[in-house]
Amino acid sequence: MKKITALFLSVFLFMMAVSIPIRSYAQNDKELEEIIKIARAKLDIPDTFEEFNYNMSNEGERKIWYLNWSSKDDNKGNVNVSITDKGTILNYYYYKPYSNPESKFPKISKQEAKSIAEGFIKRINPEYADQLKFVDNHETPLMDIPYRIEYIRTVNNIPFYENTVEIQINPQTGEVQSYYCNWTEDVEFPKPENIISPEDAQKAYKEKLGLHLIYKYTYEGKKLNTYLVYTPVHSGNYYIDAFTGEKIDLASDGFIPLGGRGIAEKQMMSTAADYTANEVVLSPEEMNAVKEAGNLLSQEKAEKTARDFKYLELTNEYKLTGANLFGYMNNESYAWHLYFNNRDAKKDKTDKYRNVTVTVNAKTGEIQNFYVDTPYEENAKVKFDKDSARTEVEKFLKEFKPNTFHQTVYDENYQPVYRITAEDEKPEYFNFYYIRKVNDIPFPSNGFTVGFNAVTGKITSFDMNWFDAEFASAANVMEPEKIYEIMFSDIGIELQYRSSYANNYKVMPVPPTTVKPEIKLVYSEKPGKPVILDANSGIILDYSGKPFKEKKAVQYTDIEGHFAENYINTLAELGISFEEPEFRPDENITQLDFFVLLAKTLNQYQIYPMDNRDKLIEQVYSYLMREGIVKENEKSPDSFITREDAMKFIIRALKYDKVANIKGIFNCSFKDVEQINPDLIGYVTIAAGLGIVNANSEYFYPKNHLTRAQAAVIIYNYLQ
């Protein structure tokens, strides 16, 4: 919800913790004094924040100061600021203790918040203002969730997406809560002169980058479904050079971080211990039940399988130090994760100490993955280059996985980041990926990843992902040329500036704060829409395989001139809306549709699957039941909701139901009070008192069905 704020706080607290005390860097106290004056001149630091702390760090040629003001009793909040020695404010965060707003409606509009944000930028970093382009995220918050006003940097009217500014504005007070700036200083942007035309760029994109047909998959419950899409051949940092029309790779590949071979290999490969979120550790009782029911391998047999596997070289000096049986929820399979090491407390030699982790399928006995930690060897010689390493890897796969290896193809585009510590040093570790092909179509989610140590000539890691699934037919896929037409018209490519590190250094420091990038002018896909096109229809899909839907406020076509038009439009601007272009204001509203609107007022921003009614019902009702707004015996999605029931659910949403349930204390002024369910008189009376329904009306008509327009008015009043 506040990811940028959280990110800034994390970075800020980290820097406060690790920065070297200021006095060891500062030439004199005047520097700190000047920085404080600049910060105070640009920002409103409350006088009640009497406490002050500071730290400083060096990042290449610049210093960054971290300033903190807070109240002595911690009840009034605090202000954190990071600012360069040149007076450029990089980050700002103003924390105030939460206070419950009087209304759920924002007191300021998003347009007003945008004006506040732009004024703030001009005040603290005016030199950036003319280079910023507003990006509408179509978010309009309720209650205490701030507006996120986002900008990207543009130079020569060309976007530079790596530089951004985000400001968070309190929707009730209009105060700036945070400012986050990511900005590349002192670099030269090529002028867009003598570049290829957009038409030539499209042609180059097709020829040099291109889309290809692949399988993707998704789960519906536990069922795995595959589908065919066209998506970019290159998923990395490949672009079309705007001057030459050639393919260029801007990734800083070819380098490994400082620290030695063992560290590099650990960073390069995820080990068997890096379990996915889809795995569940079974308790001993559950483990015994699964063994009995599924006839799984025992731990002893799994260990024997690992020890018999010659590539692991698990001699008797290796002890089993851990074993876990894991269940994978989606495909109901189980695997043993085994941990070995050769550490001897009596003869501990750190340079020979190794960890080995292995995953063994608990049903089939197949080794699914392994990782061998390779000790660091001083002055070791590299014996294999990439080609000879690949030859050894393929020998291993032909022997280890002969039945599946022939169904794969080497991924030429797979580019793990190899880093070196000296200009003339050769890579000492290689990683190779082999993609599964089905019906001669790549399935990138399946295949083998193999790690190879170029010093020892040994396989150090293996990971296999292979699904047992039915694959969609490719009989009706669209021709690529038609897909390109759709892609260029509905997604498009554009001129962009991008950073390149590959050509201006050989040795990469960690972190890379002292290296300035070279800025390239390229053509690339426009951001905002996934470049995933359904191979049969050409429809743009999201990452779950569903038709992609852009975020935007709904504009209904059938409410102009209606008495509830302003109410309905105001709710829609806040995201409290339906996806259909028609609101149908005079139709009766179903319980489900009423609950969809109500749930969205509660900051439940989960995207309800409107195209899947069963999932919609499941999500909406489970959420409202969890919140105590609806009870299990009240669930009736297709029934029309009555006026008195609507009040019941609204008052529960306000958490006044305990009061509403008290009998004999309410004086209901409606003349038809006797027609109101006696259990709901308190709900109706409170709703009238709060102005949710018109208390001046003589009749309430409790049993009448609520129209969709009336529902919008009630929800609007409830938010007020």
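May I ask you to verify whether Glu193 is loosely packed, with under 15 Cβ neighbours inside 10 Å, charged (D, E, K, R) and at pLDDT below 95? So Glu193 does not fit the description; no. A single member of Lys671, Lys600, Lys658 is part of a helix (DSSP H, G or I) and more than 32 Å from the chain's Cα centre (by Cα), and it is Lys658. For the range 363-409, filtering for residues that are among the acidic types (Asp, Glu) and more than 17 Å from Phe452 (Cα to Cα) leaves 2. In the set (1) touching a residue at least 60 places away in the same chain (Cβ under 8 Å); (2) surrounded by 17 or more Cβ atoms within 10 Å (Cβ to Cβ); (3) in contact with a Gly (Cβ under 8 Å, 6 or more places away or on another chain), Gln720 fails one condition alone, (2).
When residues in the range 559-578 are screened for being surrounded by 13 or more Cβ atoms within 10 Å (Cβ to Cβ) and of a type in the set (D, E, K, R), 2 of them pass.
Please work out which residue is surrounded by the most Cβ atoms within 10 Å (Cβ to Cβ), limiting yourself to the range 658-679 and to residues that are of a type in the set (D, E, K, R) and touching a helix residue (DSSP H, G or I) at 6+ places or on another chain (Cβ under 9 Å). Here the answer is Asp679.
For the range 52-78, filtering for residues that are among the polar types (S, T, N, Q), in a strand (DSSP E or B) and either at pLDDT below 90 or farther than 15 Å from Leu32 by Cβ (or both) leaves 4. Scanning the range 23-37 for residues that are in a helix (DSSP H, G or I) and either of a type in the set (Phe, Trp, Tyr) or at pLDDT below 85 (or both) returns Arg23, Ser24, Asp29, Lys30. Note on the range 495-524: among residues that are of a type in the set (D, E, K, R) and either modelled with pLDDT under 85 or over 20 Å from Lys191 (Cα atoms) (or both), the one that is surrounded by the fewest Cβ atoms within 10 Å (Cβ to Cβ) is Lys506.
Of the strands (runs of 3 or more DSSP E) lying entirely inside the range 368-475, those carrying at least 3 residues that are touching a helix residue (DSSP H, G or I) at 6+ places or on another chain (Cβ under 6 Å) and either modelled with pLDDT of 90 or more or surrounded by 15 or more Cβ atoms within 10 Å (Cβ to Cβ) (or both) are 429-438.
When Phe49 is tested against (1) at pLDDT 90 or above; (2) among the hydrophobic types (A, V, I, L, M, F, W, C); (3) farther than 11 Å from Asp85 by Cα, just one condition goes unmet, and that condition is (1).
Scanning the range 531-560 for residues that are under 17 Å from Tyr230 (Cα atoms) and at pLDDT below 95 yields a count of 7.
Against the list (1) in a loop (DSSP other than H, G, I, E, B); (2) assigned by TED's automatic domain parsing to the domain that holds Tyr701; (3) surrounded by 13 or more Cβ atoms within 10 Å (Cβ to Cβ); (4) in contact with a Phe, Trp or Tyr (Cβ under 8 Å, 6 or more places away or on another chain), the condition Pro581 fails is (3). All of Leu533, Leu574, Leu616, Leu592 fail the test of being among the hydrophobic types (A, V, I, L, M, F, W, C), touching a Pro at 6+ places or on another chain (Cβ under 9 Å) and within 30 Å of Arg153 (Cβ to Cβ), apart from Leu574.
In this structure, does Val713 turn out to be assigned to a helix (DSSP H, G or I) and closer than 19 Å to Gln591 by Cα? For Val713, the condition - assigned to a helix (DSSP H, G or I) and closer than 19 Å to Gln591 by Cα - is met. Taken together, Ile83, Ile145 contain a single residue that is buried (at least 16 other Cβ atoms within 10 Å of the Cβ), in the same structural domain as Ala41 (by TED's automatic domain parsing) and closer than 30 Å to Ile519 by Cα, which is Ile83. Checked against (1) more than 24 Å from Asn566 (Cα to Cα); (2) of a type outside the set (Asp, Glu); (3) modelled with pLDDT of 95 or more, Thr707 meets all criteria but (1). Would you check which residues across the range 627-654 are outside any loop (DSSP other than H, G, I, E, B) and of a type in the set (Asp, Glu) and list them? Within the range 627-654, Glu632, Glu634, Glu644, Asp645 meet the criteria. Of all the residues in the range 119-135, those that are in contact (Cβ under 8 Å) with a residue 12 or more places away in the chain and closer than 29 Å to Pro192 by Cα number 8. Scanning the range 148-174 for residues that are closer than 30 Å to Thr601 by Cβ and either surrounded by fewer than 16 Cβ atoms within 10 Å (Cβ to Cβ) or of a type in the set (Phe, Trp, Tyr) (or both) yields a total of 3. Scanning the range 529-558 for residues that are crowded, with 16+ Cβ neighbours inside 10 Å and free of Cβ contacts under 8 Å to residues at least 12 places away in the same chain gives no hits. Mind counting the residues in the range 79-133 that are in a loop (DSSP other than H, G, I, E, B) and of a type in the set (A, V, I, L, M)? Final tally of qualifying residues: 1.
The values are calculated or read from the model by the stated rules, or taken from the named source; none is laboratory data. If you're wondering where the values come from, they're calculated on a predicted model, not measured in any experiment. In this analysis, Cβ positions are derived from the backbone assuming ideal geometry, glycine residues included, and neighbour counts consider all displayed protein chains.
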